[in-house]
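Inspection log for the structure reproduced underneath, given as structure tokens.
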Amino acid sequence: MLIRNITVQDFEKVNELMCEVHDLHVRNRPDLYTAMEEPYPREKFTEDVGKEDVISVLAEENGEVLGICFVSFREKTGMVCRRTAYMEDLCVRENNRARGVGRALFEHVREEAKRMGAGRLDLMVWGFNETAFAFYEKMGMQVQRYILETEL
């Protein structure tokens, strides 16, 4: 398995994975998400890929994209000034899960974020996504806060 930077030419393959993630959200939170063909619009994708302050990598094997990960950076958290890496998306194609792809992507971006001066890595997991939550706990992450909601 090879982990490499995403290029603009990878859009179609990356979009397939982003659709998997987005469809999961649409199924579980139709009150917040609607179906779309490009959850990560091509224009925004093209703008973000290759930026110095964005980590965008994929795991690939025999030309097949197994997983993707995008990380951005924030300088101010609202409390203290501290460079923080924020994992926007980590997705492993469903038929490639439990093979170490997610772990490899996670560890790669964790090291890259450290190298780029981040002191912490944050991410958000929806309450319905118990599989993802368990994975991130295995990666050593812990709950920072809870966001609660109720219908009115």
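The values are calculated or read from the model by the stated rules, or taken from the named source; none is laboratory data. If you're wondering where the values come from, they're calculated on a predicted model, not measured in any experiment. With ideal geometry, Cβ positions are generated from the backbone for all residues, glycine too; neighbour counts draw on all protein chains shown. Quick note on the areas: whole protein, heavy atoms, side chains included, nothing else; ligands and nucleic acids left out. Shrake-Rupley method; radii C 1.70, N 1.55, O 1.52, S 1.80 Å.
Close lysine pairs were tallied over the chain: pairs 8 or more places apart or on different chains with Cα atoms under 24 Å apart number 7.
Apply the Karplus curve 6.51 cos²θ - 1.76 cosθ + 1.60, θ = phi - 60°, to the phi angles in the stretch 22-33 and return the couplings in whole Hz, x for Gly and Pro. My calculation for the stretch 22-33 gives 5, 4, 4, 5, 4, 5, 8, 9, x, 6, 10, 10 Hz in order. Summary value for the chain: 19 percent relative contact order, contacts being C-alpha pairs under 8 angstrom separated by 6+ residues.
Mean-square fluctuations from a GNM of the chain, with a 10 angstrom spring cutoff on Cα atoms, peak among Glu16, Glu43, Glu111 at Glu43. Taking the 1.4 Å solvent-accessible surface of the stretch 31-83 as the whole, the part contributed by carbon and sulfur is 49%.
Net charge dipole, the stretch 36-99: roughly 420 debye, given to the nearest 20, about the Cα centre with Cβ charges of +1 for Lys and Arg and -1 for Asp and Glu.
In the elastic network of the chain, a GNM with C-alpha springs shorter than 10 Å, the most mobile of Leu105, Leu32, Leu66 is Leu32.
Of all the options Arg110, Arg83, Arg74, the one that moves most in a Gaussian network model of the chain with Cα springs shorter than 10 angstrom is Arg74. Figure legend: label point modelled 7 angstrom from the Cα of Thr131 along Cα→Cβ; residues of the stretch 83-106 with amide N under 11 Å from it are 92-98.
Take the Cα of Glu149, step 7 Å along the line toward its Cβ, and report every residue of the stretch 1-25 whose backbone nitrogen sits under 18 Å from that point. Once the point is set 7 Å along Cα→Cβ of Glu149, 21-25 turn out to lie under 18 Å by backbone N, inside the stretch 1-25.
About the centre of its Cα atoms, the chain shows a dipole size close to 780 debye [charges on the beta carbon of Lys, Arg (+1) and Asp, Glu (-1) only; nearest 20 debye].
Which entry in (i) -0.36; (ii) -0.57; (iii) -0.41 is this structure's computed log10 I(q)/I(0) by the Debye sum over Cα atoms at q = 0.10 Å⁻¹? Correct label, based on the coordinates given: (i).
Heavy-atom accessible area for Val80, with the other protein chains in place and a 1.4 Å probe, reaches approximately 80 Å². Considering only Val8, Leu32, Gly100, the residue lying farthest towards the positive end of the dipole of the chain is Gly100, judged by Cα position with unit charges set on Cβ. Once the 1.4 Å probe is applied to the protein heavy atoms, the stretch 1-100 comes out at 59 Å² accessible per residue. Suppose R0 equals 22 Å. What FRET efficiency, 1/(1 + (r/R0)^6) with r the Cβ-Cβ distance, do Met1 and Lys138 give to the nearest 0.05? With a Förster radius of 22 Å, E is 0.75.
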